Structures are given as C-alpha cells and as structure tokens.
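*Asks:* Provided herewith is a single structure, encoded as structure tokens, for subsequent inquiry.
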Amino acid sequence: MEISAQNISFGYREAEYPLFENISFRISGPGFYSLFGFSGCGKSTLARIIAGFLEPGAGSISITNLDNILLTYNTERLPGWLSVGEHLAKVVSPRSSRAELDYFVSEFGLSDYVNKKFFRLSMGQKNRANLIRYLVQDFDMLICDEVLANVDEPSRNHILAVIKERFGKDTILFYISHNVEEVCLYSKKIFVIPAYGVTKGRLVEIKGLDTTKKQKEGYGSEKALQATILKVLKAASTGQNPEGET
C-alpha cells in the first residue's frame, strides 16, 4: 500500500506562475497522514492530482495496492430529493454495514437530523453528513479536504479520533486542514507545502504525535504538541525541515 509522487509540477493556464514545481513525496503503509500549508499553496490541487481528477503538468505518480482512492471536500452536497438518512443508506458498501452507518451517525451527532433534507442542515451538519457518505463506501485511501470546516472544535477532535480508530490500521487517511493543532495531534506524518517561492522539491515531512482516541481523552503532553506545531509552522513559512528528515 503505497503512493509515490515524483517531481510533480502544476500550473493553471491563466496563472502567470506555476502553483508548485517538482514536488515529490511518498506515503507507505496505512495510517493517518496530513497535508498542511497556508492558503493558496496548492493543497486542494495536489489532492485532486492524487485522486486522478487532474493531470500534473509534469512528473508522475506511482500507486501500489490502492484500488479505491476517494476524495471528499467540504462544499459537496447530498441530493435534495431524499432525506439524509435515506441517501446514506443507499451508499453503504458491502464492506461496511447499516450498523456501522448508525454508529457514525450517532458519533457525529446527527441522530436527530437523519430524517431531514440536506438543505435543512447547518453547514457543520452538512459537512458531517457528507463525510459519513464516504466513510461507508469502499476505499483504500480517503483524501479529506477541509471536510470538517464549520464544525466546532470539540466535535472535530472527537470525529477525527473516531475515524482514525476505525480506519487507521488498514487504510490511508490523508487529511487536509488549516488547523495546525489537529494536524499535529492525530497525524503519523505531516506533509507540509511551503509558501510559494520558498522552496522547490520534496514536501517537508514532520513526524506527528499520532494520538489515538484513548490517548486523546487523557492527553497531557501540551509541551510536545506545541513543539510540533512550531515545527510545522516553520516548515510552512520557510521550507526548512526542523527535524532534518527527508
């Protein structure tokens, strides 16, 4: 189970400069990984390239033992002619189950809203319902692009712990977020895209705290968390790897 990008470059036709150049990285084995960078650095574009929705201008991506790569983002919408619960029940895959769907609905705080139409939900509720839609499908890698936008912080932390516990051992979760704290807390490894013009080449890789749900409930290493946050922010700003890792 591996995905490897070599010298990926991409630029939009109307743009004066490429969005990024010669980016390389490798994800090997299951786990919770994150992609972090400041606004406009190309996180969503890179996600679409990995998922096969965009072709890179140069470079290549090698994929091994990943048959189903799914991408979800926070502006997706469920069809309006069914209730949220009816739609989710229709997309449950053979690998999943109705019991698992009910579990996610309960854990994500949507039990009282499954009989409502999607447009009746708040933005945070919509994001949670859309994420569940993907969690009950078959995937080897799920790319989550800002999927918990508009969700309150305690709920975000709980949801991330739940999905990591359920999927982190046998699939690749690739989480894209502007929230540096949650990226540092849950990730096995954090890939950082530096601000444009700072560096070209490999993404900066920072070791995350890889916290589990059980650990989060009694988490006390604030010092370790703050140190990791500083490393990630420095990498995003300067392109330097504070850990000296490759």
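Any read-out appearing in this document is the output of simple, stated calculations on the displayed coordinates, not a laboratory observation. Computed from a prediction, not measured in an experiment: that's the story for all the values here. Ideal geometry is used to build each Cβ from the backbone, glycine not excepted, and the neighbour counts take in all protein chains shown.
*Asks:* Please give the FRET efficiency for THR64 paired with SER93, using the beta carbon to beta carbon distance and R0 = 22 Å, rounded to the nearest 0.05. Mind showing how you got there, number by number?
*Replies:* Working: r = 22 Å, r/R0 = 1.01.
Efficiency, rounded to the nearest 0.05: 0.50.
*Asks:* Over the chain, what is the relative contact order in percent, taking alpha-carbon pairs closer than 8 angstrom and at least six residues apart? Write out the running numbers ahead of the final one.
*Replies:* Working: 489 pairs, mean separation 60.0, N = 246.
Relative CO of the chain lands at 24 percent.
*Asks:* About the Cα centre of the chain, what is the dipole size in debye to 20, counting +1 per Lys and Arg Cβ and -1 per Asp and Glu Cβ, all else neutral? Numbers along the way, then the final one.
*Replies:* Working: 29 positive and 28 negative charges, 45 e Å.
So the magnitude is around 220 debye.
*Asks:* When N counts the residues of the chain, how does its alpha-carbon radius of gyration compare numerically with 2.2 N^0.38 Å, as a ratio? Please report the intermediate quantities before stating the final value.
*Replies:* Details: Rg = 18.1 Å, N = 246, 2.2 N^0.38 = 17.8 Å.
Relative to the rule-of-thumb radius for its length, the chain sits at 1.01.
*Asks:* With the contact rule set at Cα under 8 Å and sequence spacing of 6 or more, what percent relative contact order holds for the range 122-201?
*Replies:* Details: 54 pairs, mean separation 25.2, N = 80.
Once divided by the residue count of the range 122-201, the mean separation gives 32 percent.
*Asks:* If you don't mind, there's one more thing I want to ask. Would you please calculate the Kirkwood hydrodynamic radius of the range 1-69 over all C-alpha pairs and express it in Å, rounded to one decimal? Don't skip to the end; give the middle numbers.
*Replies:* Values: mean 1/r = 0.0782 Å⁻¹.
Taking every pair of different Cα atoms in the range 1-69, averaging 1/r and inverting gives 12.8 Å.
*Asks:* Note the per residue figure in Å³ for the convex hull of the C-alpha positions in the range 26-161.
*Replies:* Values: hull volume 17.8 nm³, N = 136.
That works out to 131 Å³ per residue.
*Asks:* Can you give the longest run of the chain that contains no chymotrypsin sites (Phe, Trp or Tyr not before Pro) sitting in a DSSP loop with at most 13 other Cβ atoms inside 10 Å?
*Replies:* The longest such stretch corresponds to 82-246.
*Asks:* Efficiency by 1/(1 + (r/R0)^6): what FRET value for LEU225 and GLU76, r their Cβ-Cβ distance, R0 = 51 Å, to the nearest 0.05?
*Replies:* Working: r = 31 Å, r/R0 = 0.60.
Calculated value: 0.95.
*Asks:* Please give the FRET efficiency for SER122 paired with SER39, using the beta carbon to beta carbon distance and R0 = 41 Å, rounded to the nearest 0.05.
*Replies:* Values: r = 24 Å, r/R0 = 0.58.
According to the calculation, E is roughly 0.95.
*Asks:* With respect to the cross-link table entries LYS126/LYS189; LYS126/LYS234; LYS90/LYS189; LYS116/LYS189; LYS90/LYS169, which display a Cα-Cα separation exceeding 31 Å? All intermediate terms of the calculation are to be shown ahead of the outcome.
*Replies:* Details: LYS126/LYS189 28 Å; LYS126/LYS234 33 Å; LYS90/LYS189 34 Å; LYS116/LYS189 38 Å; LYS90/LYS169 26 Å.
Exceeds cut-off: LYS126/LYS234; LYS90/LYS189; LYS116/LYS189.
*Asks:* Can you tell me the length gained on complete extension of the stretch GLU14 to ASP210, counting 0.36 nm per residue apart and subtracting the Cα distance? Provide the component values of the computation, followed by the final result.
*Replies:* Details: separation 196, 0.36 × 196 = 70.56 nm, distance 3.96 nm.
Contour length minus Cα-Cα distance gives 66.6 nm.
*Asks:* For Cα pairs less than 8 Å apart in space and 6+ apart in sequence, what is the mean separation divided by the residue count of the range 76-138, i.e. the relative contact order in percent? Kindly include the intermediate steps, with their values, before the conclusion.
*Replies:* Values: 69 pairs, mean separation 32.2, N = 63.
Relative contact order for the range 76-138 comes out at 51 percent.
*Asks:* Let me ask another. Among ILE27, VAL91, LEU71, whose Cα lies farthest out toward the positive end of the dipole of the chain, if unit charges sit on the beta carbon of Lys, Arg (+1) and Asp, Glu (-1)?
*Replies:* VAL91
*Asks:* As a quick test, which of the pairs LYS164/LYS231; LYS188/LYS231; LYS207/LYS231 have an alpha carbon distance above 18 angstrom in this structure? Don't skip to the end; give the middle numbers.
*Replies:* Working: LYS164/LYS231 23 Å; LYS188/LYS231 15 Å; LYS207/LYS231 9 Å.
Listed pairs above 18 Å: LYS164/LYS231.
*Asks:* Output wanted: per-residue J couplings in Hz (rounded whole) for the range 67-79, from phi through Karplus 6.51 cos²θ - 1.76 cosθ + 1.60, θ = phi - 60°, x for Gly and Pro.
*Replies:* Here the 3J(HN,Hα) series is 7, 10, 10, 10, 10, 10, 9, 7, 9, 6, 10, 7, x Hz.
*Asks:* With all distinct Cα pairs included, what does the Kirkwood hydrodynamic radius of the range 76-138 come out to in Å, to one decimal, could you say? Don't skip to the end; give the middle numbers.
*Replies:* On the way: mean 1/r = 0.0881 Å⁻¹.
Hydrodynamic radius (Kirkwood, Cα only) of the range 76-138 equals 11.3 Å.
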